[in-house]
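Enquirer: A single structure is presented below for examination.
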Amino acid sequence: MRAEKVLITGSGGQLGTALRKALINLYGREAVIATDLVPRTDEIGHIQLLDATNESKLGKMVGEHAITQIYHLAAILSANGETYPIQTWDINLKSWLNVLEVARKYLVKKVFFPSSIAVFGESANKVETAQTEYLDPLTVYGISKSAGEQWGNYYFSKYGVDVRSLRYPGVIGHESLPGGGTTDYAVEIYHRAIRNERFTCYLCEDTALPMIFMADAVRATLELMTAPKEKIRTRTSYNINGLSFSPKEIVASIRKWYPDFQVDYQPDFRQQIAENWPLSINDNQAQKDWKWSPHYQLDDISNEMITELLKKQKLPKKV
Ligand code: SER
């Protein structure tokens, strides 16, 4: 059996930062090739330059390193995507087709595609949204993810590429800031709270969305990717549930640590995006196929976020 050699695209992003560490823990530093559009060296190693929209460069890297798994995390998120719809489609979809083609040609064993709750739109039931709900996404990000899911399924059924995918809810983590999503407020809010600053929220206080803590999101990804092949019965993308909450509820949780925390509400264009997304997710299929279950509820998340961000800022611990 070939030793695992993993390539990550978009390693410098929110999910990439945390997943890279987890993959290094699992397979070893030498086994993980981290890439991004912006190369840099940090405390865990070097992130190499790779533009995944360039198929020949991607293929060269996969061939040279005898890559066995690709985690394709490079993408433009829902809110930023609306400013440059055509470029977002090109970046999100072109790079994914390149990954699939390269995986087929170089016999890469497994490929991971991050999809999103953004694949759902107006027609979907908003509560306990099912795996098989109708997909009519409103954003170009959602359109690219729902098309990406179908392409993954196509490469699996037509060429046998072992494509696996999750529909992430909004991911909350302290490792790095998200860039340009609709759920970003739920990370930024903690950065404000620990500095005793006022926060202006771009969503209405009652707009609930599905979310997940980074540790759960990373665990879900690795559980999916290491599950036996015959257990993976969904090749488009799996719904996964973490928890659901509104801005008002996260504020109430933060006030358990910061009773004077102040928030204003100034909804902008992201409110409309959020209103078209589910309130909560049904993940029965993931539970059944590879035994998914989340661990973190809202106060656990607040506790971890506040503790870790204070550590990072070298601020005194909050008790
Ligand atoms: N967190 C993403 C976004 O807000 C959703 O997948 O765009």
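Enquirer: How high is the FRET efficiency from residue 227 to residue 153, r the C-beta distance, R0 25 Å, rounded to 0.05?
Expert: Step by step, r from the Cβ atoms, then E = 0.90.
Enquirer: Okay, moving on. Specify the angular offset, from 0 to 90 degrees and rounded to the nearest 10, of the alpha carbon long axis of helix 95-105 from the longest principal axis of the alpha carbons in the chain.
Expert: It works out to around 30 degrees.
Enquirer: Please list, ordered by chain and number, the residues whose modelled amide H lies under 5 Å from the amide H of residue 116; skip anything fewer than 5 residues away on the same chain.
Expert: So residue 116 has HN proximity to 168.
Enquirer: Using a Cα-Cα cut-off of under 29 Å, which lysines could be cross-linked to residue 126, ignoring same-chain neighbours fewer than 8 residues away?
Expert: Excluding near neighbours in sequence, the set is 145, 231, 248, 288, 291.
Enquirer: Show that you can apply the helix-only estimate: for the chain, add -39,500 (n - 2.57) for every DSSP H stretch of four or more residues, divide by all residues, and state [θ] at 222 nm to the nearest 500.
Expert: -11500 deg cm²/dmol
Enquirer: Rounded to the nearest 5, what % of the DSSP beta bridges within the chain are antiparallel ones?
Expert: Within the chain, antiparallel bridges account for around 15 percent of the total.
Enquirer: For region 83-205, compute Rh as the Kirkwood radius over C-alpha pairs and then the Stokes-Einstein diffusion coefficient at 20 °C and 1.002 mPa s; write the answer in µm²/s, rounded to an integer.
Expert: Answer from the Stokes-Einstein relation: 130 µm²/s.
Enquirer: With each label point set 7 Å from Cα along the Cα-Cβ vector, what nm distance links residue 25 and residue 197?
Expert: So the label points at residue 25 and residue 197 sit 3.0 nm apart.
Enquirer: Please work out, to two decimal places, the log10 of the ratio I(q)/I(0) at q = 0.15 Å⁻¹ from a Debye calculation in which every Cα of region 246-317 carries one identical scatterer.
Expert: -0.79
Enquirer: Could I ask something else about it? Provide the descending list of Cα extents for region 134-240 along its principal axes, expressed in whole angstroms.
Expert: 53, 30, 21
Enquirer: How long is the gain from residue 206 to residue 291 if the chain were fully straight, where each residue apart is worth 0.36 nm and the alpha carbon distance is subtracted?
Expert: Using 0.36 nm per residue and subtracting the Cα-Cα distance, I get 27.5 nm.
Enquirer: Another question, if that's okay. If the cut-off is 20 Å between C-alpha atoms, which aspartates and glutamates fall inside it for residue 60, apart from same-chain ones fewer than 8 positions away?
Expert: Correct list for residue 60: 4, 30, 36, 51, 101.
Enquirer: Okay, next question. How far is the Cα center of region 184-224 from the Cα center of region 97-173, in Å?
Expert: For region 184-224 versus region 97-173, the Cα centre distance is 22 Å.
Enquirer: Hey, what's the chain come to in accessible area per residue, 1.4 Å probe, Å²?
Expert: Per residue, the chain has 44 Å² of solvent-accessible surface.
Enquirer: Evaluated at 20 °C with a viscosity of 1.002 mPa s, what Stokes-Einstein diffusion coefficient in µm²/s does the chain have when Rh comes from the Kirkwood expression over alpha-carbon pairs?
Expert: Here the translational diffusion coefficient equals 107 µm²/s.
Enquirer: Once you order the gyration tensor axes a ≥ b ≥ c over the Cα atoms, which shape class does region 1-103 get: rounded for a/c under 1.5, otherwise prolate or oblate by comparing a/b with b/c?
Expert: oblate
Enquirer: Keeping all protein chains in position, work out how much accessible area residue 191 exposes to a 1.4 Å probe, and write it in Å² to the nearest 10.
Expert: Ignoring ligands and nucleic acids, residue 191 comes out at about 30 Å².
Enquirer: Next question, about the same structure. Looking at the calculated P(r) for region 66-114, what percent of the C-alpha pair distances fall above 12 Å?
Expert: The proportion of pairs with Cα distances above 12 Å equals 62 percent.
Enquirer: With axes computed from alpha carbons, what is the tilt in degrees of helix 55-64 against the longest principal axis of the chain, rounded to the nearest 10 within 0 to 90?
Expert: 70 degrees
Enquirer: I would also like to ask the following. May I ask you to give the percent of accessible area on region 179-319 that is carbon plus sulfur, with a probe radius of 1.4 Å?
Expert: Carbon plus sulfur share of accessible area: 47 percent.
The values are calculated or read from the model by the stated rules, or taken from the named source; none is laboratory data. All values derive from a computational prediction rather than experimental measurement. Glycine gets a Cβ as well: all are built from the backbone with ideal geometry, and neighbour counts include every protein chain shown. Areas reflect the complete protein model, heavy atoms only, side chains present, ligands, DNA and RNA absent. Shrake-Rupley method; radii C 1.70, N 1.55, O 1.52, S 1.80 Å.
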